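Comments concern the structure below.
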Amino acid sequence: MIETRRYNKPPLSTNDQAELLIKRGLTGISKPELEKFLNNVNYYRIRGYTYCYQNPDSTFKQGTSWQLILDDYLHDTELRTLIFEALSFIEIGIRTQLEYRMSLAHGSRWYEDETLFHDKEMLANDLKELDGHWRRSREMFKTHYETRYDTSVSPPSWMIFETTTFGTVSKFFSNIDSSLSARNEIARYFGFGKYSAKVFVSWMRHLNLVRNICAHHSRLFSRSFIIKPMIPASRPDKWVSSWPAQDRLFPSACIIARLLEICAPDYDFKNRLKCAVRKFRKGQLASMGFPAEWENEVLFR
């Protein structure tokens, strides 16, 4: 067991932070320029991009220039912005299918019907979450509903699910009884059969994690994801030969590219992704799980 100790390092001014990095061997930038950057970008945010250039004692490897770190930071920002934008189409598409197919089959307040779900305890927790998001919402349609209609009953799903998070949406879908036709219709819309819907659920959970990382502007390109997407047993018509690393960004990109063909077929994700990834150095492709010839895969052609 690792012995822990209380964190007691004192706060450092941006001047001291800049001085520390330069003392550790960072080159290619003056202390005033680095301090100016650190006034706008937190030291620990940029540290995520410095680790690969540092020795175990935190000194920088010979010849490490600030430009290398800045390029990684800026390229990651561009990639993260693209991924976040692409995910918005998928999130909206999944919400829409869930709201309407379940409502048409089981009524506007289907989400409160315990008989439609596997896990009643999970449903109770998810309902609290859903209600909390609704109460905090300031959407105009919510105000209209509350001034015109009886609020002693819950709002229809096509309203309330528009005020919740993608994470809550994915939890509700994963808990719906797998025998329900409406659930299978949703899965089928996105290219999954009744027995492969669990792959779709794993994809939603993974994409929710990726979305949250993007939303908080966290480092994306070299990250190892805790929630890994399942590999489909039967490949879609347009897919890739393999995922070299299941916990890296390449599987995320494959899933996004595949789902966008359904949710936003005119969105030019593939070419924009190629442009963004090409800005990284060849040696960095492995940190993202991208195979050397990934652009030639059927999915990305």
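The values are calculated or read from the model by the stated rules, or taken from the named source; none is laboratory data. Not measured: the values here are computed from a predicted model. Here the Cβ is made from the backbone with ideal geometry for all residues, glycine too, and neighbour counts use every protein chain on show. The protein model used for the area step is the full one, side chains on, heavy atoms only, and it has no ligands, DNA or RNA in it. Shrake-Rupley method; radii C 1.70, N 1.55, O 1.52, S 1.80 Å.
Observations, loosely collected:
- Filter pass, Gln67 being closer than 27 Å to Ala18 by Cα, at pLDDT below 95 and open to solvent by 50 Å² or more (accessible area, probe 1.4 Å): no
- All positions within the stretch 219-241 that are of a type in the set (Gly, Ala, Ser) and either touching a residue at least 40 places away in the same chain (Cβ under 8 Å) or within 21 Å of Thr168 (Cβ to Cβ) (or both): Ser222, Ser241
- Of all residues in the stretch 146-158, those satisfying the criterion of being surrounded by fewer than 19 Cβ atoms within 10 Å (Cβ to Cβ) and either under 18 Å from the mean Cα position of the chain (by Cα) or not hydroxyl-bearing (Ser, Thr, Tyr) (or both) are Glu146, Arg148, Asp150, Val153, Pro156, Trp158.
- Residue count for the stretch 192-209, restricted to those that are touching a Leu at 6+ places or on another chain (Cβ under 8 Å) and at pLDDT below 95: 0
- Any helices (runs of 4 or more DSSP H) falling wholly within the stretch 178-296 and containing at least 1 residues that are open to solvent by 70 Å² or more (accessible area, probe 1.4 Å): 181-189, 197-215, 269-278, 285-288
- Among the residues of the stretch 161-177, not a single one is open to solvent by 50 Å² or more (accessible area, probe 1.4 Å), over 24 Å from Ser252 (Cα atoms), in contact (Cβ under 8 Å) with a residue 60 or more places away in the chain and outside any loop (DSSP other than H, G, I, E, B).
- Residue within the stretch 92-105 that is buried (at least 16 other Cβ atoms within 10 Å of the Cβ), at pLDDT 95 or above, basic (Lys, Arg) and farther than 30 Å from Arg219 by Cβ present: yes
- The stretch 13-40 residues that are farther than 20 Å from Asp57 by Cβ and of a type outside the set (A, V, I, L, M), paired with ones that are open to solvent by less than 70 Å² (accessible area, probe 1.4 Å) and not in a helix (DSSP H, G or I) (beta carbon under 7 Å, 6 or more apart): Gly28/Ser65
- Any hit, the stretch 274-293, residues being over 22 Å from Leu74 (Cα atoms), among the charged types (D, E, K, R) and modelled with pLDDT of 95 or more: no
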